[in-house]
Structures are given as structure tokens and as C-alpha cells.
1. Collect the residues in segment 568-578 that are in contact (Cβ under 8 Å) with a residue 12 or more places away in the chain and open to solvent by 10 Å² or more (accessible area, probe 1.4 Å), keeping them in residue-number order.
2. When you scan segment 659-680, how many residues do you find that are over 22 Å from the mean Cα position of the chain (by Cα) and within 17 Å of LEU599 (Cα to Cα)?
3. Report every pair of residues separated by at least 6 positions or lying on different chains whose Cβ atoms are under 8 Å apart, first residue within segment 322-349 and under 22 Å from PRO393 (Cβ atoms), second part of a strand (DSSP E or B) and among the acidic types (Asp, Glu).
4. Please enumerate the residues belonging to segment 610-633 that are part of a helix (DSSP H, G or I) and of a type in the set (Ser, Thr, Tyr).
5. In this structure, is LEU693 aliphatic (A, V, I, L, M), under 30 Å from ARG781 (Cβ atoms), in a helix (DSSP H, G or I) and open to solvent by less than 70 Å² (accessible area, probe 1.4 Å)?
6. List every residue pair whose Cβ atoms lie under 6 Å apart, where the two residues are 6 or more positions apart in sequence or sit on different chains, the first residue falls within segment 733-751 and is part of a loop (DSSP other than H, G, I, E, B), and the second residue, located anywhere, is of a type outside the set (A, V, I, L, M, F, W, C).
7. Among the residues of segment 319-351, how many are open to solvent by 90 Å² or more (accessible area, probe 1.4 Å) and closer than 20 Å to GLY373 by Cβ?
8. Among the residues of segment 244-265 satisfying the criterion of being part of a strand (DSSP E or B) and open to solvent by 30 Å² or more (accessible area, probe 1.4 Å), which is nearest to TRP343 (Cα to Cα)?
Amino acid sequence: MKGAMPPRPFMVPGPGGPMPPPQQQFGLVETRPPLAAVLRPRFNIPGLHPSAAAAAAASGAGKIASTYDLVEPMRFLYVNVVKARDLPVSATGAIDPFVEVKLGNFKGTTAVKAASHSPSWQQVFAFSAAHLQSHLLEVLVRAKDLGGDDLVGRVAFDLAEVPVRVPPDSPLAPQWYRLETKRGDKMPHGEVMLSVWLGTQADEAFPDAWHSDAHAAAGPAAVASTRAKVYFSPKLVYLRVAALGAQDLIPHDTSRPMSACVKLQLAGQVRRTRPGAPPGAPNPIWNEEFMFVVSEPFDEPLVITVEDRVAPGRDEMLGRIFLPLQAAMPRHDHFGKPVEPRWYNLTRPSDDPDKKEVKFASKIQIRMSLDFGYHVLDESTYYSSDLQPSSKPARKPSIGMLELGVLGARNLIPMKPKDGRTTDAYCVAKYGPKWVRTRTVLDTLNPQWNEQYTWEVFDPCTVITVVVFDNGQIGSKNGGGPDQRIGKVRIRLSTLETDRVYTHFYPLLVLHPSGLKKTGELHLAVRFTCTAWVNMMALYGRPLLPKMHYTQPIPVMQLDYLRHQAMQIVAARLSRAEPPLRREVVEYMLDVDSHMFSLRRSKANFYRITSLFFGFLAMLKWYEGIRSWRNPITTMLVHMLFLILICYPELILPTFFLYMFMIGLWNYRYRPRHPSHMDTKLSHAELTHPDELDEEFDTFPTSRPADIVRMRYDRLRSVGGRVQTVVGDLATQGERAHALLSWRDPRATTIFIFLSLVVAIVLYVTPFQVLMVITMLYLLRHPRFRSRMPSLPFNFYRRLPAKSDMLL
């Protein structure tokens, strides 16, 4: 790495700087950052002695390891405060020591250890080398109980003498240092164990270190929420439970018929069967199957309750059983032996309230299995990042590696203007079960993270999601608020070329009830490396989901319910981590509200469908031009081509596929050179009416006034009326085709069947090539031989009856 300057930040467009063209406001901006894989910047630190800088360059300290080459190197001064010993005592006995690390105006402190002569802290401090304000590092040991924070002793370091460490070197061994007084005299008692070195963000101490740019975070919880962390989703499995029947149910009231049903409850998931058949029988049969989402370590029991519906909204318990999930049979594929049902004893509380014991009630037959062969969907299948089954033996081998460098962001909007701050931004990226969270960069609109993460890739047809949030735990006057979303980026791996580094500024877009808003730009570096080309190409011919999704498919409605439950489990589990990945973050990453109605998305999907017919319409337009002889030479060439294909029909399929090959080869020149990103035009987000956006952000059930709800209902009725008309027209055309042979119109059917007989005889006695030539010449005849009136077959088809006249 070369140069004597720290990693140069990217220029942010300002009043006098270059601004992107208006048409690129929501587009990608390609960049060429000085990554470690290309350049070799020198290790230059303000306040660092030139001899130390030369030693750093000679030792290769300015170069990040090859596995950390998608980000710019950021220099940090690390101080590892391990422990102390033989500290002096006060007049009242043992002191309450803590350590203060001071570098210029930056100051970091450890926790206070109560009444300890040999405290242990094990804390690392990281000071950004780009903002060093002094060449002297001070480590001060203070006592909390000596009339304030009185000094016990100190150790000072000159930055020119600080060693440089570059991974994968082993960690620097800490050493004992004798404490000094303020005058620099050695103290007779007291030592502190420290290690000080210069490194980069590739250091393993970086994620858990106290950072100097987080000094404004108040409280340990706020400081913990600023650190970079890696999370993993819990292992999810589908639980299949079938309630088959029961025996010897005893109702509380024998004077009325019993209406028994089964309630299955697993944590917050509740399912109910219909009343058993035959009605009122003591041995009802249900034969209903349900599926639940469970997560390891399977500590929640399945509660099965048989209830008697005595009145609307009122049920009486006939029996209950708590089944541990370990009782379910594990299934890793559909080839294993079938799951055998089992009888379980039901119990219920005694009728005497003074007795706490339970008594035998009846039996229930349950079939229960843990289906590890499925992939539990917690994301939409259209942009899922993981398609592996829950069963480890059934998983596919890795085909490559995905590397993501989160470089920085620019032009973020202020998220806390009322609190006197700008934005405390951090990024969250998800691919597969692995979630990563960058550190929070405080109070800036142009944060620089320069953190790199790696994932194993098992399927190229997957999507990585990166989202920028504002940390609500920092700087809020009203306490910890929710983390506000700033923008989202999705990148599909199959659209990336292998072994190529993509560096772009991605627009961060957020829809608000007031309209579309660009909240900034996110700078990412992405590289997809393939390690098994044959396996990757073979994946394009294999099913997208595991086999059990096709051999024993789950109904769509049930799959949506299970996906919602899986998202709730993942959000609850990650919110219990430390620091927590908050629920609003997980739900936004997983698109928890993607199934809700949106008129804007409905329009976007409608225009997506209509755009699919543009190619077909272009072919019809080309055919109409040939048919109308607009260019006689082209029409004559098409005649000659058709005659050749008719005379040599074995050339039809080779010609078709050769044509497809030539089109693909021609389109290679116009292939996309950049990853895909959020398309505002495709999403119909730029010109959406504010009322449609307000409806999209409405709660469920609605919280809007009655007149607004009535207006939206009327609008939905008008849209539904148009859809109803289109569906009715399609049904009419199909019913007319069915009426050809149904004898609903006896005259039309008679004409059709006799005409079919004539056509069959003509086709039998006439060579196929002759018929094709006659048909071609008829269809491509000159316009002067045509009439503007509809053709005879069209007139005949329009007169066929449909069932529209039978509708009320």
C-alpha cells in the first residue's frame, strides 16, 4: 500500500461540488474506491513519529489480509486493559479502582471494581487514528472512594514507540507496568497489565472494543448497542400434528349433546379442529392435521386440550395433556417409515375445587412428527436468502463464497433533528441464517464503516438484504426509542459475475405517507466467488426448495400462516441477544407486512403482467407489417423463408433454436453491467397518490375515519368492477369455445361438426405442404385482395352462445 495519507474519504456532493444528473437520482453510481486489493496506502497517522510510520510501512502494517480486501483500511490505536495488582490502600481500607484511558480529548473508562487490590477488567479501547489529537497516551488508575475520582497512579506511552500489529499475527502479549505519580516517579506499590498496539479494523479486538467515536453514548446499554455483532437465526422445524380421535369423553352436562373439538397450542400458536363426528358421540373422530413452527432446543411443550362448546364463545375443558416435542418422531425425508399414531391419556382438574389432584378423563389419538426435510420459510420465496432444509444430512454442499464490504454512506437525512443530533447510523445485512450488524457511527450524515463480512453460498438464486437504520438508543431525550429505517438494498447473487468486485453507491429509498423519499446512498463492495462450477450449473436444473415441499406440499394459505409464525419466532429470539437486534429491525428485514393490500403494489404487478405481452405485441406488429406489404422486399423474403420451411419441415426446430441463440448472442452486448436495485418506476412509487400511500401505511384493522374508509371502499369497488369485467370477458370466450360441441346452439354445432368433417376429408386427401402453402399465401395476401370487414370464422365465433345471459 502506498501513500502517506490516511484512507481518503469519498467526496460528498455539496453546493460547489459535482451533483449527479437528475435522471440518476434514484440510480446506481459506480465507484472506484482505493481497496486494499488494488492499492497499498501507507500507514500515516496524525501525531505519529515519521520513524514509526516508516516501520509500519516496512512491516506491512498498511496492508489488510487478503480475506479483508473489500474495504478501505482504517487505523486504530488499541489499548487492552487487563488487570492490576498490589494497589495501595486508603485510610478506610481497600479502594474501588477503575482505569481511565486518555488520548487528547478522548477519554474512556472501565467499570469500577469495589474494594479490590487486584482488580481485573479485560477491556479493550480503540481510538481512531484519523482523529488523534495527541502523541501521548495516558492510562490512569483512579479510585472512586478517595473523595471523588482521585488518581492512584499512571502509565504514559509515546505513540512513536507503539508497535504495529497486522493479522494474522498472534495477539500482542500484555505486560506489567509500574504505576507512576503525576511527576513521573515510580511508585513503590501498584502495577497494571496492559498491551498497546496500532492495528486496523481487521483486528479481532475490533468488534468488542470501546470506540472513541462512541464516547457520546450514555450508559453501558447504549455503548453495547453501538458495537458490531454477528447473529444467527434459530434453527426452525415444522411440527406436524394430526388429531385423529378420542375415546370415552365425559361431558360436564350429560343432559345435552356434546360438541367436542381439540385446541392445539404451542407458545403463541393456537389451532382448533371442527366439532367431532358423529355429533354428540363420546368417541368423536376429527382426522385433522395442523402444522406449527418450532425452534431448537424444543423447550416449549405442545398443549392439547379437548373442549366442549356449550355456548357461543364459551367452552368447557374435557381433558388436557402436555406433550414434550421430543415425543414427536423426526422425519428427514419422505422415504422413511410412516409415523404411527399413539394414544395419550387426558387429564382434567377435579370437580372439587378443594382438591388439587387431577383425575383420568379419557384418551386421545395423536400423530406427531418433526419434519426436518422442509425449509422453514421466514422470508418471501421471491427474494429468499436461504433454501436449505432443516435436516443437516439433506443439505447441499457449498458452491462458493459471498463477501460484502460495507464501506460507508453519504447524504443521509437527519433522523434526530429534534434532539439536536443528525443520524446515528448502522447497517444490518442478512444472508441465510447469518445476520451481521455494523458498529454505530454517531452523529454524522456521512458515516464510514469499512467492515467486511463473509457467507457461504449454497444456491446462486438467492438474495442478500442490506438495510441502514438509525440507532434509537443513542441521543434520544425521551429514552430509548425504536430504530428508524433509512433504506434497504437487495442484491440477487445470480445477477453477479463470479470473481468480480462490484463497488457502487446504492440509493436508499423509503416510502412515507407523504411520498417517496431518498434518504441517502449506501456504499457497498460485493464479490461472489464460485468454488464448484459444476455443482453451481447443475443447481439450475434442480428444484428450488427441498424435496418434501413437492412430495408433501403445504397449502398456500397454511404456508403464509407458518411464515408469519416463523418471523415472530426469529424476531423474538434475536431481540433477546446482547445487544438485541430489535423487533422492528427484524420485521423490516423479513418484510413482515408484504402480504398486506397495497393499491400501489397492485398497479405495479398489473403493469408487470402487461409488460410481459410487449414481446408478443411486437411480433403481432411485425406480422401486421408483413401482412400489409409495407415493405414488399421484406414480405417477399418472408414468403421465401416460409416456402423453404414448408418444403423442408425438419429445419423448423433447428431454425427456431438457432434464432434464439443469435438473439441471446446479440443481447450480450446490452447485458446489465451493474447489480439490480430498487426500481422506483417499476414500483410505481414516484407518482403515487398520497391517499394510496396513506392506505398502504394504515393499520390492520383500519384506524382511519369512517368517511375515508367509505371512499376507499368505493374506489376498491370500482377497481374490482373493472377486474370483474375482464374476468367475465375471458370466461365468455372460453364458454364460446365450449359451445362448439355442446349443442347449446344446435344450428351452430351442426355447422361446426359438418365443417369439421369436410376439413378432415380435405386434409386427408391433400398433402400437408400444399395446405401450408395455401394457408400462408392466404394470410399474407396483398391488401387489395382483403376486406375491412371481420372474417367469416371470427363472425361465426362471436355468434356462439355463452353463459353470461344466465347470470343474475
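The values are calculated or read from the model by the stated rules, or taken from the named source; none is laboratory data. Everything numeric in this text was worked out from a predicted model, so none of it was measured. Because the Cβ atoms are built from the backbone with ideal geometry, glycine has one as well, and the counts that use them run over all protein chains shown. Areas reflect the complete protein model, heavy atoms only, side chains present, ligands, DNA and RNA absent. Shrake-Rupley method; radii C 1.70, N 1.55, O 1.52, S 1.80 Å.
1. GLN568, ILE569, ARG573, ALA577, GLU578 - these are the residues of segment 568-578 that are in contact (Cβ under 8 Å) with a residue 12 or more places away in the chain and open to solvent by 10 Å² or more (accessible area, probe 1.4 Å).
2. 0
3. So the pair list comes out as ARG331/ASP371.
4. Applying the first criterion (part of a helix (DSSP H, G or I)) to segment 610-633 yields 610-612, 614-627, 632-633.
Answer for segment 610-633, where residues must be part of a helix (DSSP H, G or I) and of a type in the set (Ser, Thr, Tyr): THR610, SER611, TYR623.
5. It is false that LEU693 is aliphatic (A, V, I, L, M), under 30 Å from ARG781 (Cβ atoms), in a helix (DSSP H, G or I) and open to solvent by less than 70 Å² (accessible area, probe 1.4 Å).
6. If the second residue must be of a type outside the set (A, V, I, L, M, F, W, C), the pairs left are ALA739/PRO801; TRP743/THR749; ARG744/PRO801; ASP745/PRO801.
7. Total meeting the criteria: 5.
8. GLN247
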